[in-house]
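The values are calculated or read from the model by the stated rules, or taken from the named source; none is laboratory data. These numbers come from a predicted model, not from an experiment. Reconstructed Cβ throughout: ideal geometry from the backbone, glycine too, with neighbour counts over all protein chains shown.
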Amino acid sequence: MKASNLLLKTLRDIPSDAENISHRLLLRAGYVQQVAAGIFSLLPIGNRSIFKIREIIRDEMNLSGCAEVNMPVIQPKELWEESGRAETFFPPLANFKDKRERTLVIAPTHEETATAMIRSFVSSYRDLPVTIYQIQTKFRDETRPRGGLLRVREFEMKDAYSFDVDEKGLDKSFETMLKTYKRIFSKCGLEMVIVDADSGGIGGKESKEFVLIADSGDDTILISPDESYAANLEKAEFIKTDYSEDKILDKEIIETKNINTIEKLSDFCKIPKNKIAKSVIYNSDGEIIIAVIRADYDVNETKLRNILGSKDLRIASSEEVINAGFIPGYASPIDRTSIKSVIDDSIEIGSNYTAGANKEHFHFKNVNYPRDFRSEIVGDIAEAKEGFLSPNNSGKLIAKKGIEVGHIFKLGYTYSEIMGADFTDKTGETRPILMGCYGIGIGRLLAAAIEANHDENGINLPASISPFTVNLIGINLEEKKVNDKCEKIYDLLSKNHIDVLFDNRDLPPGVKFKDSDLVGFPIRIIISKKNFQETNIEIKSRNDSNSSYISESKLVDFINNLIQ
RNA sequence: CGGGGCGUGGCGCAGCUCGGUAGCGCGUUGCACUGGGGGUGCAGAGGUCACAGGUUCAAAUCCUGUCGCCCCGACCA
């Protein structure tokens, strides 16, 4: 390919409010153009990178025995009504009406479509297992797109769906995808951390995220010092410190005038926070519930949501708190048996707590569980933080920011049951199919790769996903001899299937060098009057400040050697 | 959805307080020079100042509203 045909145009200046490094570089290097908030065009250069990423993914998915399909972006709303997600999906499904007034949705993901496909074509255990995948555009009307390609509204995703007869089969499919993803990311030159994740609104149980550690990421993960444990914030567990005392004291009421926060209470009573039982009141699908946790910890709302099985969980408004009979600042589950409560298990490994007396200006001292209050639900609802003990006992957790590029889930029966995707097993019985789903954000992968691979001169992608492998720079192409030699090398490399860009633009050498580093070509070949007498070809890699000189006959091998 | 900011030639910005000739850098066009890290000179082209309404003799500038975009937060299969 020749640069003159490529719309290759880099920018010196980009808007000062584009903060994110990958966003800035994607714009500057001419990879993308923004069309609207969270909606981008890929320019020729960027499109080539994306193409290479797709091909790596395809190769690896196919190698793992997955079948590529293509499901529609535009779908009837009825499909989503079947699964119940027409109303519950967040952000709400983008939709429009066709000329017959039928509502069509723009798909944000394809669990329903995939399930419906399999439902029609799988009837026997003999048809299973099967994993289908596609690389397809999705649309999610994010409330706030951000960070260039990191969080967009229209995006391309590789999504795969596995279908199995039993748990063992699902485990195997999941494991296959785990390995496939490792190979994909490694081929893209990315070092990913695999973390335990919450499976969230999509349903299902086990789930893992592939996260690239980067400060610009919006995912928080917690890692043990030996890196054997890693989980994202929603999921992360930790070993809770035991503060229980042998001697259980009698409960007594104390006056705490205007002491209505944990901080004030801790100061006023001169007790550490781990001696306070904190009560947080939530609205869970319309029901007021009270969550009780030791005050040295905070409630993890994802864990609370999961333990309650609630769809919509939020902190109760002060009005709701009062209507439920609580006094803000003095609430507790004591003597409030009509209100559902959830107790964090930290409460069990402590004793003689101070807690609200449900009476203004009063608290109870020496409150103990289960003597003074009870709950049917006791479990882990605490949020892990940096410095807390890793659950595998290998020291203190470390918090890091990261970009979630891939996510794999065991869905279980969530979609197959509700949508009637069944098969007949060996004994002739009808059973629902076990599903898994597996996603990789394509554009986000590119952005993440740039976050991880850049320097002060620009993008420095690995050859596997760089727009071109070789940038052939001719200096002063008006010199016929220089131009002829460029054409000759260009032919040589092209014929040998080396992905070469011939920068044939009539520009000063400085501009071409700057562009070469900015766009991030891994290898540069320079032809000029200066090195013309030299029989060997001048070649320089992006990461090396010095050039090498290689004979034409060895050039192809040399390059292939460099990029593998 | 809450908070903050911005909208002025293709791109990046100044001008707005204090109303009166629309400016700078980059890019771009032509010519010449130059040719190993965003080169030099000369000469050009290019803007209903986001949109709508209002105030005024006069609005990029003041007022009201709308739209768009960015950043922080909430949210994020």
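When the test is whether a residue is more than 16 Å from RNA strand B (Cβ to nearest atom) and touching a Phe, Trp or Tyr at 6+ places or on another chain (Cβ under 9 Å), A:D499 passes it. Can you tell me which residue is surrounded by the fewest Cβ atoms within 10 Å (Cβ to Cβ) among those in the stretch A:67-91 that are within 16 Å of RNA strand B (Cβ to nearest atom) and over 23 Å from A:E417 (Cα atoms)? Checked the stretch A:67-91; the qualifying residue surrounded by the fewest Cβ atoms within 10 Å (Cβ to Cβ) is A:P91. The residue that is nearest to A:F468 (Cα to Cα), among those in the stretch A:508-524 that are near RNA strand B (Cβ under 6 Å from one of its atoms) and of a type in the set (A, V, I, L, M, F, W, C), is A:L518. Among the residues of this structure, A:E451 does not count as one that is surrounded by fewer than 21 Cβ atoms within 10 Å (Cβ to Cβ) and outside any strand (DSSP E or B).
Residues in the stretch A:205-239 that are in a loop (DSSP other than H, G, I, E, B) and crowded, with 18+ Cβ neighbours inside 10 Å: A:A214, A:S216, A:G217, A:S224, A:Y229, A:L233, A:E234, A:K235, A:A236, A:E237, A:F238. Residues in the stretch A:454-469 that are among the β-branched types (V, I, T) and either away from RNA strand B (no atom under 16 Å from the Cβ) or part of a loop (DSSP other than H, G, I, E, B) (or both): A:I465, A:T469. Within this structure, A:L472 fails the test of being out of contact with any His (no Cβ under 8 Å at 6 or more places or on another chain), assigned by TED's automatic domain parsing to the domain that holds A:S541 and part of a loop (DSSP other than H, G, I, E, B). For the residues A:N392, A:N358, the requirement of being surrounded by fewer than 18 Cβ atoms within 10 Å (Cβ to Cβ) and either touching a Ser or Thr at 6+ places or on another chain (Cβ under 7 Å) or among the basic types (K, R) (or both) singles out A:N392.
Would you confirm, using the coordinates I've provided, whether A:D296 is under 32 Å from the mean Cα position of the chain (by Cα) and closer than 30 Å to A:F90 by Cβ? Answer is no for this residue.
Of the candidates A:D242, A:D250, A:D218, A:D226, the single residue that is at pLDDT 90 or above and closer than 30 Å to A:S22 by Cα is A:D226. The set of residues in the stretch A:1-34 being in a strand (DSSP E or B) and more than 8 Å from RNA strand B (Cβ to nearest atom) consists of A:K2, A:V32, A:Q33. The conditions of being in contact (Cβ under 8 Å) with a residue 24 or more places away in the chain, of a type in the set (A, V, I, L, M, F, W, C), surrounded by 15 or more Cβ atoms within 10 Å (Cβ to Cβ) and within 9 Å of RNA strand B (Cβ to nearest atom) are not met by A:A94.
Scanning the stretch A:185-231 for residues that are free of Cβ contacts under 8 Å to residues at least 40 places away in the same chain and under 16 Å from the mean Cα position of the chain (by Cα) returns A:I194, A:A230.
For the structure I just gave you, tell me whether A:F163 is aromatic (F, W, Y), touching a residue at least 12 places away in the same chain (Cβ under 8 Å) and more than 12 Å from RNA strand B (Cβ to nearest atom). Spelling it out, A:F163 is indeed aromatic (F, W, Y), touching a residue at least 12 places away in the same chain (Cβ under 8 Å) and more than 12 Å from RNA strand B (Cβ to nearest atom).
For the stretch A:403-422, check the following and say yes or no: at least one residue is under 20 Å from the mean Cα position of the chain (by Cα), over 30 Å from A:T10 (Cα atoms) and of a type in the set (S, T, Y). Within the stretch A:403-422 (the criterion being under 20 Å from the mean Cα position of the chain (by Cα), over 30 Å from A:T10 (Cα atoms) and of a type in the set (S, T, Y)), the answer is no, since none of the residues qualifies. Pairs are defined by a Cβ separation below 6 Å, a sequence spacing of at least 6 or placement on different chains, a first member in the stretch A:8-22 that is more than 30 Å from A:N504 (Cα to Cα) and in contact (Cβ under 8 Å) with a residue 60 or more places away in the chain, and a second member that is more than 6 Å from RNA strand B (Cβ to nearest atom) and assigned to a loop (DSSP other than H, G, I, E, B); the pairs so defined are A:N20/A:G148; A:N20/A:S216. Within the option set A:I537, A:I475, A:I527, A:I489, being within 11 Å of RNA strand B (Cβ to nearest atom), touching a Phe, Trp or Tyr at 6+ places or on another chain (Cβ under 9 Å) and either hydrophobic (A, V, I, L, M, F, W, C) or modelled with pLDDT of 95 or more (or both) holds for one residue only, A:I537.
Only one of the numbered conditions (1) more than 21 Å from the chain's Cα centre (by Cα); (2) in a helix (DSSP H, G or I) is not met by A:R58, and that is (1).
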